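Remarks on the structure that follows.
The numbers here are math on the coordinates, done by the rules we state, and not lab data. Quick caveat, the model's predicted, so the values are computed rather than measured. With ideal geometry, Cβ positions are generated from the backbone for all residues, glycine too; neighbour counts draw on all protein chains shown.
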Amino acid sequence: MSCLRLAFPAPFELQHANTGAWHPAQVPGCIHTDLLRLGLIPDPFYGTNERELQWIERRDWRYRSRFVVPEELRQHRCIELVFEGLDTIAEISLNGIRLGRTENMFVRHVFSIGEFLRPGQNELEITFRNTLDYLTEHRSWQPVKERNDPVGGRSRIRKEQCQYSWDWGPRFVTCGIWRPVWLQARSEAQLDHVHIAQEHHAGSGVTVRLKARLTDAKGHETLRAELWLNGKSVAQISGRDELRLQVADPQRWWPAGQGDQVLYDLRVELLSATGSVLDGMRRRVGLRTIKLVRDKDKEGETFYFRVNGRPIFAKGANWIPDHAFVTECDRPRYQKRLQAAADAHMNMVRVWGGGIYESDTFYDLCDELGLLVWQDFMFACALYPGAEAFCEVLRPEAVQQVERLHDHACLALWCGNNEIPMIPELFEELRANPEYGANYARVFHDLLPRVVAQCDGTTPYWPSSPWTAPELFGDSNADFAGDVHYWKVWHARAPVKSYEALRLRFCSEFGMQSYPSAEIAATFCPPEERNVFSPTMENHQKNGGGNGTMLHYIVQRYRYASGYENLAYLSQLSQAHCMKIGVEHFRASMPLTMGALYWQLNDCWPVASWSSLEFGGRWKALHHEARRFNAPSLVYARAVGDVTIGRYNEIFEGIEGYTLHTIHDGPAPRPAVLVYSLRNFAGALQSEEQRLNVLLEPGSSVSRATFTLPQSHADRLRARCYLRVELQTPEGEILSRQNGLFTVPRFLQLDAPQLSLTFDTVAANEVAVHLRAKSFAPSVALIWKLPGEEPWFSDNWFDLHANEERRVSLRLPRSMSADEVRSALAVRSLWESYQE
Ligand code: BMA
C-alpha cells in the first residue's frame, strides 16, 4: 500500500486567554491575526495600537481540533501527525495524552499517533506557552543585551527574532500553528528525503546524482527517477543506492539578465519488490554551477559568485519578512514582491538572519525569476548561547532547513549570521569572554558549516555577514576581502559622497531611510497625526533618532517641504539619490567590487524605513531608481566635486563637471552611442552635443569621457543648466540616461514646469500617460491616489526635459477607463514640493 499524506481533516478553534471562550481559528495562522479576524482586537498597525496589544505575548494560548480519522488512513500500520512549524513553545496532546513539547519555530515535528487514536472523534490540543516565561527559565544565558529587543532575552529562544521588535519592525511576539499541519500514513517504506547533487563535466554533460533516505525500509525497495524538460523525458534510471541521471545536452539555468531560467522536472518513485509504487516526490532542478570565488589578488581577496563559469555582479537587496505576521505571506504576495525585484534588474536577494527561513514558494519563485539567494541562518545582532543544550535545539533546525533548500537553483550561499562579530559591543564580549567566544565558534565555525557540508555538499558557507576571513576575531568588516556592511552613511551621518571613496569587494548592506507615502501613511495614521513627530508617526519610526538622521540628509539637498506629502516625497528622493550614488559607484568598481545589495527591499508593516517597496508593495522612488541604476547597460555620470556648506554657512559650489562611464553586465557585447550636452532649463544647448561610439563588453566598466563646466560661465550657469547624458543603441533607442546637476537641487533656479498629461487606453487594463513639461522638471512622480493595489508603471520618478514627451504605460489592477485613471493620478515634481 502506498503512503498517504492528507491535510489535517478538521478546523481548529482557539480559546481566548482572558474570557475562556472558544472561537474559530485559522491554520496556518497566528494568535494576532486570529484575534484580529474575530474582531477581538483592533488593527495592530493602526495608530499606536502596538502598545495596547502587548498583553497578548504575556498569555498562554490554547488551540484545539476535534477530528475523525479518515478511513483510508486507518488501514495503515503507522499513522503520523506532522507539524511543518509551531511557533514556538507548544505542548501537544491527543485525547488527553501528551505527545510532546516543542521549542524551536524552525523545526518540523512528527508524532506517531496510531496508538492514541479513537474510532470516533479525537481531540488534538496545543497550548502555546508565553515566551517570557521561557526566557526567564533560560536566564542563565545573560550576555550583553540584544540589539533591537527593548525587553531583552530573544537570543535564548529559536523564534523569529524580529517579532521582539527591530529598527523597522513592531514588537508582536505571536504564537500559533504557523505552517501546514497534516496526517501521513504508511504500511511499508516511505521516501523521507532525496539529496540531489550535480556533476558538470568538462565536455558538456551533467550527471544528476540522487541519494534517497527511506523510513521503514525493508531492503528490497528500488528507486526510479526520471528527468523531464518541457514535457519530454530526457533521462531515466532505476536502482537501489545512488542513482545517476545522465543529461547529455544540458540546458543551463542562469541568474536573471544572464540567460534563461531552465528548470527540469524531476520525479522520483519508490517501488516495492513487486513493482508497486510506495511513495513519490517531485522537484524542479536547474542545472548550474555556483562558486564563491575567493582568490588572493593585489588588493586582498576576491569575493564574487561565478555561475556556470561566468562572474556575476550581484545586484539586489536585503529581504526581511514581508509581514509582521508571516502567516499572511501567501503566493500572490511573494510573487508580487519578487517580481518587483526582478523588474528592477536584480539578480540576488539576501534572506536576512533576523526573520524566517522562507516558505518553499519563495524559493520556487526565485528559481523561476533567476534571483540568486544569499541565505542567512536565523541569527542576528546578539550573542547566542552555544552550549550543548542550545546546539541540541539548533541542530535539527539546521539539518532540516539545509535539506529542504539545498537543491534550489537559486541558492547561492549559506551564511551563519547577521552582524554578530561586526557590532562593537558584541565583538568586545566575544574577545574578552572565553565562554562566549567558544560558544560563537561552536555554532558558526563548527556546527553550521558541518551541517552545510554534510546535508548540502555544494553550496558555499560563509560564517557571518559581514565577514573578512580568515581570523576568527579579526576585523569582520574590512574592505579588502569578504563582504561589507557600510553604515557610515546613515548611522554615522557621513556624506553620501563617501560611498565613492570605497574600494571594497561586495557590499551586502548599506541604506537610507524614507517615509511612507501619504497614501500608505493614511492606512495607519489619522489625519490629525500626520506629522512625522506625532505619537503615531514616532511609533512608526523604530530607529532611535531616525527622524533626525533622515532630515539631516534631506535638508542638504532640498528646500523646506510644507506638509507631510511633500516631506514624504523628498525623503524618497533623498533615499533614491543616496542608493544611486552607492550602487553606481559599486558597479563602476567592477571587477574589484562584485556586489551591491542595499538595505532593504521590503517592509513588514507600514513604517519609516530603508525599504524600496512600501508595506504592501507600492514602489518608492528608490525602486524606480533601482530599475535604472541596475540596468544591464548603464551610463554613469560621476560628479567631480561636491557642494559643501562651511562653518559659517558659506557655500562651496564644488561640482565642476562629470566623468562619464559605461557599465555593462549583459552576457554579450553590444555597440552603443554615448551622447551628452550641456542644456539650460528651456532645453537650449549650452555646448556642442558630443556623440561617442562605444562597444560595451560583458562585465566591463569603462571611463569614456569627462565634461567640465566652462569656468568663465560657471557662476552664471551652475543653477540654470545641467548635463544631459544618454546611452543609446545605434538605432537611437535609449538604454540609460542621467542628468548631472552642478549644484544641489535646492539651489536650482527652476521655472514652473507646467506639467501636462494626456491619457489613452491601450487595452482593458492598460493605459498610457503622455507627460510633458514646459521647462526642465526634475523628479516627476505619478502618484496613485486610490487605496489598495496600484498599477505597475513602466517608469516613474524621472526627470523631464523641456518639451520632451514621455510615455508611461500603466498596467492596471483591474479594467479602468482613461478617465478613471486620470482622476486616480496626481503628479508632482521638485518645483511643486516647495510651493506654499
Ligand atoms: C543592518 C541590518 C539590520 C538593521 C539595519 C538598519 O545592519 O542588519 O539589523 O535593520 O542595519 O539599521
Neighbour net charge for L210 - beta-carbon separation under 9 angstrom, K R +1, D E -1: +2
Order by protection proxy (mean Cβ within 10 Å, highest first), peptides 163-173, 788-798: 163-173, 788-798
Ordering of 734-743, 244-253 by burial proxy (mean other Cβ atoms within 10 Å per residue, highest first): 734-743, 244-253
All Cα pairs of the stretch 1-141, percent lying beyond 18 Å: 62 percent
Electrostatic dipole magnitude of the chain [Cβ: Lys, Arg +1; Asp, Glu -1; Cα centre; debye, to 20]: 740 debye
Value of Rg to Rh for the stretch 684-836 (Rh from inverse mean 1/r over Cα pairs, i.e. Kirkwood): 1.02
For the stretch 265-372: rounded, prolate or oblate by the Cα gyration tensor [a/c cutoff 1.5]: oblate
Peptide ranges 346-359, 416-429 listed from the most packed, as the mean C-beta count within 10 angstrom indicates: 346-359, 416-429
For R310, net neighbour charge (Lys/Arg +1, Asp/Glu -1) across residues whose Cβ lies under 15 Å away: +2
Around W254: net Lys/Arg minus Asp/Glu count, Cβ-Cβ under 9 Å: +2
Cα-Cα over 19 Å, subset of K159/K315; K298/K488; K620/K785; K488/K620: K159/K315; K298/K488; K488/K620
Shape of the stretch 658-756, Cα gyration tensor, a/c cut at 1.5: prolate
Largest-first ellipsoid semi-axes for the chain, taking √(5λ) over the Cα gyration tensor eigenvalues, angstrom: 48, 32, 27
For q = 0.11, 0.18 Å⁻¹, Debye-computed log10 I/I(0) when each Cα of the stretch 442-540 counts as one equal scatterer: -0.60, -0.88
Whether the stretch 345-438 is rounded, prolate or oblate, judged on the alpha carbon gyration tensor where a/c under 1.5 counts as rounded: oblate
Rounded to 10°, Cα long-axis angle of helix 360-369 versus longest principal axis of the chain: 40 degrees
Rg/Rg_globular for the stretch 503-567, with Rg_globular taken as 2.2 N^0.38 Å and Rg from C-alpha atoms: 1.31
Separation between Cα centres of the stretch 295-368 and the stretch 87-134, rounded to whole Å: 34 Å
Folded to 0 to 90 degrees: helix 546-557 orientation relative to the chain principal axis, Cα: 30 degrees
Extension reserve of the A248-N765 stretch, reckoned as 0.36 nm per residue once the Cα distance is removed: 181.7 nm
The chain: angle of helix 388-405 to the longest principal axis, Cα-based, in degrees nearest 10: 70 degrees
Residue among A596, A631, V643 farthest towards the positive dipole end of the stretch 581-698, charges placed on Cβ: A631
Cβ charges +1 (Lys, Arg) and -1 (Asp, Glu), total dipole of the stretch 698-812, debye: 520 debye
Positive-end residue of G474, H109, P255, charge dipole of the chain with Cβ unit charges: P255
Nearest-20 debye value, the stretch 185-254 charge dipole, Cβ charges on Lys, Arg, Asp, Glu: 80 debye
DSSP beta bridges in the stretch 267-376 [antiparallel fraction, %, rounded to 5]: 65 percent
Farthest positive-ward along the chain dipole, Cα basis, beta-carbon charges - from V702, P180, N49: V702
